[in-house]
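To keep things clear, I will list the structure first and then write my remarks on it.
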Amino acid sequence: MPQIIEVCPVNDLPPGAMRLVEWEDLEIGVFNCAGNVYAIEDRCSHDDGPLVEGELDQETCTVECPRHGSRFDLRTGKPVTLPAYVAVETFPVIIEDLTIKLEVE
Ligand code: FES
């Protein structure tokens, strides 16, 4: 069953900001990319790098893994550069009552 979890007030995650959310055994990176909010699993598919500690590029809506430099498209979770070649999981984002929420399962 999908579950809705609250992340933070919308104003606490301005464009260019990111934050880590933990839910059960999942770690999820939540990113504000030029006003759009995206959520992806905070674990690089190459070697478990922490994506939320990487560099966010708001123009291309990608984040660079701090470990070996793969860039991931935040909209799809797919890597756009090597060495990673497997997508990471993405999570639906809901903005409701001025609050950022995620749908997790
Ligand atoms: S752990 Fe992310 S590119 Fe290697």
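Per residue of the range 68-76, in order, report the coupling 6.51 cos²θ - 1.76 cosθ + 1.60 (Karplus, θ = phi - 60°) as ³J(HN,Hα) in whole Hz, putting x for Gly and Pro.
Once rounded to whole Hz, the list reads 10, x, 4, 9, 10, 6, 5, 6, 10.
Would you please state the base-10 log of I(q)/I(0) at q = 0.13, 0.16, 0.30 1/Å for the range 26-75, with intensities from the Debye formula using one equal scatterer on every alpha carbon?
Treating every Cα as an identical point scatterer, log10 I(q)/I(0) equals -0.24, -0.36, -1.20.
Can you tell me the length gained on complete extension of the stretch Thr99 to His68, counting 0.36 nm per residue apart and subtracting the Cα distance?
Computed gain between Thr99 and His68 is 7.8 nm.
Write down the radius of gyration of the chain and its Dmax, each obtained from C-alpha positions, in Å.
Both quantities, over Cα of the chain: 12.8, 40 Å.
Please state the charge dipole magnitude for the range 59-101, taken about the Cα centre, from unit charges on C-beta atoms (+1 on K and R, -1 on D and E), reported in debye and rounded to the nearest 20.
In debye, rounded to 20, the range 59-101 gives about 200.
Taking the Cα centre of the range 1-100 as the origin, how large is its charge dipole in debye, to the nearest 20, when only Lys and Arg (+1) and Asp and Glu (-1) carry charge on their Cβ atoms?
Roughly 360 debye for the range 1-100.
Could you line up Cys8, Cys61 from fewest to most neighbouring Cβ atoms inside 10 Å?
Lowest to highest Cβ neighbour count: Cys8, Cys61.
What does the extension gain come out to for Glu6 and Glu59, with contour length at 0.36 nm per residue minus their alpha carbon separation?
16.4 nm
Taking loop as defined by DSSP and a crowding limit of 10 other beta carbons within 10 Å, which GluC sites (Glu not before Pro) in the range 2-80 fit?
Glu24, Glu59
How about the range 19-105: which chymotrypsin sites (Phe, Trp or Tyr not before Pro) there are in a DSSP loop, with at most 16 other Cβ atoms within 10 Å of their Cβ?
Tyr85
Using a 10 Å cut-off around each Cβ, can you sort Asp48, Asp57, Asp73, Asp25 from fewest to most neighbouring Cβ atoms?
Lowest count first: Asp25, Asp48, Asp57, Asp73.
5 Å is the cut-off here: which amide hydrogens, built 1.01 Å from N in the peptide plane, fall below it relative to Cys33, excluding neighbours closer than 5 in sequence?
Under 5 Å from the amide H of Cys33 lie the amide H atoms of Gly16, Tyr38, each far enough along the sequence or on another chain.
Provide the per-residue ³J(HN,Hα) series for the range 25-41, in order, calculated from phi with Karplus coefficients 6.51, -1.76, 1.60 and θ = phi - 60°, each as a whole number of Hz, with x at glycine and proline positions.
Rounded to whole hertz, the list is 9, 9, 10, 10, x, 10, 10, 9, 10, 6, x, 9, 9, 10, 9, 9, 4.
Since every read-out is calculated from the coordinates, none of them should be taken as a lab result. Because the structure is predicted, anything quoted here is derived from the model rather than measured. Don't worry about glycine lacking a Cβ; one is built from the backbone with ideal geometry, like all the others, and counts go over all protein chains shown.
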